[in-house]
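For reference, the structure is listed below as structure tokens.
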Amino acid sequence: MQGNCEATIYTKSGSLSILPGGRERCPWGVRRAAANRRRTVVPAGPLVVLLWAGCAGPPADCVRVVSWADYREIALEEEIADSFAVRHPEIPVCFESLSGAGIYREKVLTSIAAGTPPGVFLLDGIDIPAFAEQGVLLDLTPYAVRLGVDLAAFHPRTRELFERSGRWIAFPKGFTPMAVYYNRDVFDAAGEEYPADDWDWEQFRAQARRLTRDVDADGRPDIWGFGWPREFFYLQTWLWAGGGELLSPDGRRASGFLDSPRTLGALDFYLGLATRDSVVPRIEMFRRESSVPILRLFSSDRLGMFVSGHWSMPQLLEHERAGRIRFGVAPVPTIDGEPVTPVLYAAGWAVPREAAHRKWAVQAAAFLASELAQRIRARGGLEIPALAAVAEELA
């Protein structure tokens, strides 16, 4: 391996190995100067190997930017990185990708607790309360004024997430609602009409049952109506759509909300898709996974519908462009015609209070949330830009 850059192996178990050659991948500020740069991204079953070679090692004062980008998103982040390097050649920035939510959260929390936090990291919406209450994040409000960041330009829902008691704890990156993805070929083969915008739970359930078919007459379904992931945030979509609640409005009490008739009714409906209606794949097919097998079944015309966010769009668009699938997107169905309360998931660029080179880190965070950066990411279809004007342009 040439140069001083790294080969990093991330495993599903959360282990991390650094092969000889340095600790970080190439800093943004020196990439264009590397004459013999070489990059290889190698998926290898449960391993993902990221290899950079032929470039200078990171300087000691490099600003570390950490996210959970996969190989599709990394290409977009590199384009953003190159733009930042042109505008700020004096700021060396190293981009690290820790794929997998469990690995990512563990590494970020450990580094903060050890007093060696990254300069900038991608803050997941579900982690906002914990980080905000601990006070470990820098208030970006005064820096936004100096850098000319218009905080009012961000989508109102993302402002509600990242502005806590008048303090901005992150610059919003993007957000996604949850929606129903449906396979047009599976629907066509079953003679089913595509979902309507105003469909309800019973229509959804009836279609899922009709889409579930035993094609080879062996007594077991070969095509299922609905993919049934087990992570809680998927279930939350159905609880809210059914009028249920998890906690009181102040977030301090579960009694009377988590055990309310609406919440229990929504939970019964969702569980019933597996236990009564048998419209979901057998659990042993998942092998401790969820979204990846669901996408695999969906893309091979063995699954009619599944619920997900925008993050499923890039992979499905790849399959569609290759002619392997035709798919559509529909809203989450309503219950009894009532409006659905949508679940939105968002992420933002945060700077730890103890980050080294704080001024540089904030500049990098602001650029990562800029109009240019959000337009570049939007091309991949991964999310809706947090800047309202950029989202409206694309819509």
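Of the peptides 359-372, 123-136, the ranking by mean beta-carbon count within 10 Å, highest at the top, reads 359-372, 123-136. How much net charge surrounds Ala389 when only the other residues with a Cβ under 12 Å from the Cβ of Ala389 are counted, with Lys and Arg +1 and Asp and Glu -1? Summing Lys and Arg as +1 and Asp and Glu as -1 gives -3. Whose amide H sits under 5 Å from the amide H of Arg326, counting only residues 5 or more places off or on another chain, with H placed in the peptide plane? It is Arg184, Asp185, by chain and number.
Just order 266-276, 85-95 by mean Cβ neighbour count inside 10 Å, highest at the front, would you?
On the way: 266-276: 15.5, 85-95: 18.2.
Put in order of decreasing packing, that is 85-95, 266-276.
Here region 186-228 exposes an accessible surface that is 44 percent carbon and sulfur, computed with a 1.4 Å probe and the other protein chains kept in place. Taking θ as phi - 60° and the Karplus parameters 6.51, -1.76 and 1.60, the scalar couplings of region 333-340 work out to x, 8, 10, 6, x, 7, x, 8 Hz in sequence order, x denoting glycine and proline. For Leu123, the residues whose amide H sits under 5 Å from its own are Gly348, Trp349, Ala350, ignoring neighbours fewer than 5 places away on the same chain, with H placed 1.01 Å from N.
Taking amide H atoms as placed 1.01 Å from N in the peptide plane, the amide H of Gly304 lies under 5 Å from those of Trp224, Gly225, Phe226, each 5 or more residues away in sequence or on another chain.
Once you list every other residue whose beta carbon is under 13 Å from the beta carbon of Trp201, what net charge do they have if Lys and Arg are +1 and Asp and Glu are -1? Intermediate results must be reported in sequence, preceding the final value.
Working: positive: Arg205, Arg209, Arg262; negative: Asp198, Asp200, Glu202, Asp268, Asp277, Asp336, Glu338.
Here the charged neighbours net out to -4.
The values are calculated or read from the model by the stated rules, or taken from the named source; none is laboratory data. As the structure is a prediction and not an experimental result, all values here were calculated from the model. Methodologically, a virtual Cβ is constructed for each residue, glycine included, from the backbone with ideal geometry; neighbour enumeration extends over all protein chains shown. Accessible surface areas use protein heavy atoms only, side chains included; no ligands, DNA or RNA. Shrake-Rupley method; radii C 1.70, N 1.55, O 1.52, S 1.80 Å.
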